[in-house]
Amino acid sequence: MEQLRELELINKGKECFDRGDYQNAQLIFNELIESSPNSTSGHFYLANIFHIKGEISKAIKAFKKVLELDPTHTDSAISLSILYNDIGKYEEAKIVFEKANDKIKRKKNGSLGQIDDPHINKKFAFKHYELAEMYTLYNRYEEALFEYNKAIGLDPDNLEARIKVAKIYAKKGFISKAFEELKKLKNEYPAHLATRVALGLLYYGNGNVIEAQGEWQRVLAKDPNNSEATMYLGLSKSATEVALDLKN
C-alpha cells in the first residue's frame, strides 16, 4: 500500500510539474517526502522546483540529498554541477561533473550496458558548452574547440556550438576552415538564420562586402525583424558610403 501511495504522489506531482504548476507540485512532493523520506524522485523534483524558483541553496541541498540516497543518479550530479558553476564554485562544479562523467564512461565500457539517454546527453552537452565559453573568454582556443566539439557530439542539434567552432577557427586564423564549417552548416540547415548572419560577418571581415550583404539580405527576406542582420547590413552600407566619400 505504501509503494502504491508513493507512486500515486509521484505521478500526481509530475503532472503538476509538467504543466508548470510548481506550487502544487511542491506541496505534493513535500507530502511524498514526509511519508517516504528516502524517495529520490521527491527530492529530485523538489530540487528542480527550488532551482526554477531561484532558491539556489535549497536546490543544491536537495540535489545533494538525491546523490546521498543514490550516488548513481547522474541527472542530479549534472544539475548540481551546473548550479555550482552558476554561483562561481568552479572547483566543486568540476569535481561533481567529473564524477558523473566517470560514471557514464564506466557504464558505457562496463557490464552495466550503454547509457544513451538524450536528456542526460543534453545535460552533459550544456556543461561542455559552458566550459567552452569559459575557455574562449580566456583565449584558450584549443581547449574551447575540444569542449564545443564534445557538446556537439552529445547534442547534434546544438547549432550554436557549431557556429562557435567556426568562430574559433577564424580567431585562430584558419579562415578557410571557418568558411567550410559555416557553409556546411548552412547547407544542412538552410533555414537557420544565425548561421547566415555569422557567415555574413566572416565574409565582411575578409573584405567580401557584397557576399556579406547578400547573406544578411537573405536573412531579412525570411525575418524582416532580425535585429542582427539589420544592424550589420546598415553598418556595412554606412562603411561603404564613407569609403566612397573618402575617395572623392
Nearest-20 debye value, the chain charge dipole, Cβ charges on Lys, Arg, Asp, Glu: 680 debye
Packing rank of 15-25, 163-173, where each peptide gets the mean count of other beta carbons within 10 Å, highest leading: 163-173, 15-25
At a Förster radius of 35 Å, what calculated FRET efficiency corresponds to the Cβ-Cβ distance of T40 and R19, to the nearest 0.05? 0.95
Could you list the residues of the stretch 138-166 with an amide nitrogen less than 16 Å from a label point located 7 Å from the Cα of K183 in the Cα-to-C-beta direction? 166
Helix 2-18: angle to the longest alpha-carbon principal axis of the chain, degrees 0 to 90, nearest 10? 20 degrees
Residues L202, L4, sorted so that the one with the fewest Cβ neighbours within 10 Å comes first: L4, L202
FRET E, pair N30, E228, Förster distance 41 Å, beta-carbon r, rounded to 0.05: 0.35
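Assuming R0 = 22 Å, can you tell me the calculated FRET efficiency for the pair E92 and I52, based on Cβ-Cβ distance, to the nearest 0.05?
The calculated FRET efficiency here is 0.55.
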Radius of gyration and maximum dimension Dmax of the stretch 1-62, Cα, Å: 10.9, 35
Between A221 and E8, how many nm apart are label points set 7 Å from Cα along the C-beta direction? 6.1 nm
Looking at N226, L9, L201, which one has the Cα that reaches farthest to the positive end of the dipole of the chain (charges on Cβ: Lys, Arg +1; Asp, Glu -1)? L201
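Which value at 222 nm does the chain reach when only helices count, each DSSP H run of 4 or more adding -39,500 (n - 2.57), with the total divided by all residues and rounded to the nearest 500 deg cm²/dmol? It would help to have the intermediate numbers written out before the result.
Numbers: 13 runs with 201 residues, N = 248.
Value at 222 nm, helices only, nearest 500: -26500 deg cm²/dmol.
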Determine the gain in length on full extension of the stretch K122-K171; use 0.36 nm per residue of separation and subtract their C-alpha separation, reporting nm with one decimal. 15.0 nm
Starting at 0 and stepping by 10 Å, how many percent of the alpha carbon pairs of the stretch 140-248 end up in each bin? 15, 41, 31, 11, 2, 0
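Values quoted throughout were computed directly from the atomic coordinates according to the rules given, and no laboratory measurement underlies them. Computed from a predicted structure; not experimentally measured. Cβ sites come from the backbone with ideal geometry, for glycine too, and all protein chains shown count toward neighbours.
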